[in-house]
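Read the structure below first, then the notes.
The values are calculated or read from the model by the stated rules, or taken from the named source; none is laboratory data. Nothing here was measured: the structure is a model prediction, and the numbers come from that model. All Cβ positions, even for glycine, are placed from backbone atoms using ideal geometry, and neighbour counts span all protein chains on display. With ligands, DNA and RNA removed, areas are computed over all heavy atoms of the protein, side chains included. Shrake-Rupley method; radii C 1.70, N 1.55, O 1.52, S 1.80 Å.
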Amino acid sequence: MPTSFHLLAEAPAQLLPARELMAFTLAAHIVLVPLGVAFPFITLVMHHRGLRRQDPAALLLARRWSAVMAVQFALGIVTGTVLSFEFGLLWPGLMGRWGDVFGIGFGVEAWAFFLEAVLIAIYLYGWRRLKPRTHFLLGLPLPAAALLGAFGILAANSWMNTPQGFTLDAQGDPVDVNVWKAVFTPMLGPQYWHFVVAMVLTAGFMVSGVYATGWLRGRRDHYHRLGFAVPFTIAAVATPVQFVLGDSLARSVFHEQPVKFAAMEIVWKTDTRVPEYIFGRLQEDGTVKGGIRIPMLDSLLAGFSVDTEVRGLSSVAADQRPTATQATIAHWAFDIMVLVGSALVVLALWYGLVWLRYRRLPASRWFYRCAACAGVGAVVTVEAGWVAAEVGRQPWIVYENMRVAEAVTATRSPTLWVMFGIVVVVYAFLFGSFLAVLLSLRKRWRLADAQHSAGGPAAAPEADAPYGPRGPLPVGDGEGTP
């Protein structure tokens with residue numbers, strides 16, 4: 001019997017549905033994360049431009065984006081809360097034994113989450129109610145709160161990849177916890193900055209993609225040009241930076257988690273002059289089928305020398321490494337992330353070269369077709385990155401300290417499958433409602449713009465500039481008569 005099937009037969013029956021449920025909810029939630037982490041920053045950049053240049057279009061864009069930001073945050077509350085409960089319900093072994101060590105990351109994220117909720121409410125409510133400068137200054141802490149929340153989650157995840165800050169007693173339980181070391185693990189820096197920049201460029205491409213589609217449909221006024229140029233410029237600046245950070249993170253994985261690196265690069269035998277495979281499938285006997293083989297490139301990328309030794313999967317026992325199937329999944333996810341990310345770098349360079357040479361936006365329809373798809377491509381890279389990171393760590397939920405099978409719930413697998421089905425239905429309703437709200441907002445805004453262009457009375461609240469005077473309150477006689 002192949003090793004993969006043997007290990008699967010030994011796993012608890014509830015492991016597969018628990019994994020699938022967690023993977024589905026995480027994959028759904030992560031679509032919203034770029035907007036939650038980076039959209040406030042992009043909105044404030046547009047807001048600042050509107051104030052500095054007295055540009056009503058920029059202020060209107062910032063105001064409308066703040067409405068989208070609030071709707072997205074409301075949905076993120078639901079999906080994020082589900083994930084929080086799943087950690088305890090699906091993985092009680094993890095939280096029961098290790099919660100005292102790395103749980104502070106979740107505490108930081110919770111505080112940041114509530115702070116962000118308050119700040120979004122103030123920012124959204126402040127339009128036309130606060131002085132322009134005061135309103136803008138009250139919005140400035142929003143990106144910091146979002147980054148603090150991301151820090152908490154990444155601190156917990158990086159600890160799971162490189163656990164430290166504790167000692168084990170005779171029963172194997174952690175004692176003598178050093179919170180500082182548990183938070184600031186070797187993988188925190190590389191993971192955190194790679195994640196933050198990924199969120200910035202993904203949000204930038206997602207937002208600009210909407211206006212690129214508008215450009216293709218003939219909407220080329222100042223409002224749409226501005227809606228495209230500001231977020232796309234932010235994303236274009238972040239993309240090459242992300243390429244460097246991603247390379248640095250891969251090298252950190254090579255040093256800190258060599259078996260995980262071997263899975264991501266489907267390296268079977270420890271050796272030097274290791275080739276790089278673009279795609280390809282790892283077999284149970286260690287051979288690679290298919291893909292494009294580039295001699296010695298893996299060693300060169302890992303240590304800047306073809307003589308760099310790369311540790312292989314066969315260097316550890318079968319029950320301490322990803323299976324051939326898991327390694328192939330991690331490898332494909334990693335390659336997809338790199339290839340799509342490289343395409344985004346080319347698109348950013350295209351944009352930058354046109355701007356440097358002509359001081360204008362590109363005019364090619366092919367550029368805007370690519371820009372319209374860039375948001376989807378960026379989301380794909382985020383999803384692929386998390387797949388590579390989490391599948392490549394298997395079978396460990398706490399690297400080299402606790403296996404996933406040891407942490408899973410004792411709930412019967414049929415119950416978990418039923419829960420999975422319910423969650424899929426609920427999430428389909430939630431995301432469908434989210435899309436319906438966005439389409440409703442778009443229809444309302446287009447109607448207001450059409451009325452404004454025709455010189456008619458625009459529907460509130462888009463009737464005037466966001467900082468226009470509010471109408472007088474009605475004065476009554478106390479009996480309900482104006």
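The table for this structure:
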quantity: Residue in the range 326-341 that is open to solvent by less than 20 Å² (accessible area, probe 1.4 Å), assigned to a helix (DSSP H, G or I), over 29 Å from Gly218 (Cβ atoms) and among the charged types (D, E, K, R) present; calculated: yes
quantity: Residues located in the range 156-202, provided they are open to solvent by 50 Å² or more (accessible area, probe 1.4 Å) and either within 22 Å of Trp386 (Cβ to Cβ) or out of contact with any strand residue (DSSP E or B) (no Cβ under 7 Å at 6 or more places or on another chain) (or both); calculated: Gln164, Ala170, Gln171, Asp173, Val177, Asn178, Val179, Trp180, Lys181, Phe184, Pro186, Trp193
quantity: Failed criterion for Arg53 (all others in (1) more than 19 Å from the chain's Cα centre (by Cα); (2) crowded, with 20+ Cβ neighbours inside 10 Å hold); calculated: (2)
quantity: Those residues of the range 402-430 which are open to solvent by 50 Å² or more (accessible area, probe 1.4 Å) and assigned to a helix (DSSP H, G or I), in sequence order; calculated: Glu406, Pro414, Thr415, Trp417, Val418, Met419, Ile422, Val424, Val425, Val426, Ala428, Phe429
quantity: Test for Leu61: is it surrounded by 18 or more Cβ atoms within 10 Å (Cβ to Cβ) and over 22 Å from Leu147 (Cβ atoms); calculated: yes
quantity: Residue in the range 224-239 that is assigned to a helix (DSSP H, G or I), open to solvent by 40 Å² or more (accessible area, probe 1.4 Å), basic (Lys, Arg) and at pLDDT 90 or above present; calculated: yes
quantity: Considering residues of the range 111-139 that are part of a loop (DSSP other than H, G, I, E, B) and charged (D, E, K, R) only, the residue surrounded by the most Cβ atoms within 10 Å (Cβ to Cβ); calculated: Arg128
quantity: Which numbered condition Val177 fails, given (1) out of contact with any Ser or Thr (no Cβ under 7 Å at 6 or more places or on another chain); (2) part of a helix (DSSP H, G or I); (3) among the hydrophobic types (A, V, I, L, M, F, W, C); calculated: (2)
quantity: Gly214 being open to solvent by less than 10 Å² (accessible area, probe 1.4 Å) and either more than 19 Å from the chain's Cα centre (by Cα) or without any contact (Cβ under 8 Å) to a residue 40 or more places away in the chain (or both); calculated: yes
quantity: Some residue of the range 461-478 being at pLDDT 50 or above and either on the phi > 0 side of the Ramachandran plot or open to solvent by less than 80 Å² (accessible area, probe 1.4 Å) (or both); calculated: no
quantity: Residue identified as in contact with a strand residue (DSSP E or B) (Cβ under 8 Å, 6 or more places away or on another chain) and either surrounded by 15 or more Cβ atoms within 10 Å (Cβ to Cβ) or more than 20 Å from Val376 (Cα to Cα) (or both) among Leu301, Leu347; calculated: Leu301
quantity: The lone exception for Ser84 - which of (1) over 17 Å from the mean Cα position of the chain (by Cα); (2) among the polar types (S, T, N, Q); (3) within 23 Å of Asn401 (Cα to Cα) it fails; calculated: (1)
quantity: Given (1) within 16 Å of Tyr125 (Cβ to Cβ); (2) in contact with a helix residue (DSSP H, G or I) (Cβ under 6 Å, 6 or more places away or on another chain); (3) surrounded by fewer than 16 Cβ atoms within 10 Å (Cβ to Cβ), number of the condition Gly88 does not satisfy; calculated: (1)
quantity: Qualifying residue in the range 326-343 (condition: free of Cβ contacts under 8 Å to residues at least 24 places away in the same chain and either hydroxyl-bearing (Ser, Thr, Tyr) or on the phi > 0 side of the Ramachandran plot (or both)); calculated: no
quantity: Filter result (touching a helix residue (DSSP H, G or I) at 6+ places or on another chain (Cβ under 6 Å) and over 25 Å from Leu430 (Cβ atoms)) within the range 52-73; calculated: Ala57, Ala58, Leu59, Leu61, Ala62
quantity: The listed residue being under 21 Å from the mean Cα position of the chain (by Cα), open to solvent by 30 Å² or more (accessible area, probe 1.4 Å) and of a type outside the set (S, T, N, Q), out of Val244, Val288, Val253; calculated: Val244
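Results for (1) touching a strand residue (DSSP E or B) at 6+ places or on another chain (Cβ under 7 Å); (2) of a type in the set (Phe, Trp, Tyr); (3) assigned to a helix (DSSP H, G or I); (4) closer than 29 Å to Leu201 by Cα, shown as yes or no for each residue.
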residue	(1), (2), (3), (4)
Val244	no, no, yes, yes
Asp247	no, no, yes, yes
Ala250	no, no, yes, yes
Val259	no, no, yes, no
Lys269	no, no, no, no
Arg273	no, no, no, no
Tyr277	yes, yes, no, yes
Gly286	no, no, no, no
Arg293	yes, no, no, no
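For (1) surrounded by 12 or more Cβ atoms within 10 Å (Cβ to Cβ); (2) under 30 Å from Leu313 (Cα atoms), each residue gets a yes or a no:
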| site | (1), (2) |
| --- | --- |
| Tyr368 | yes, no |
| Trp386 | yes, yes |
| Ile397 | yes, yes |
| Ala436 | no, no |
| Lys443 | no, no |
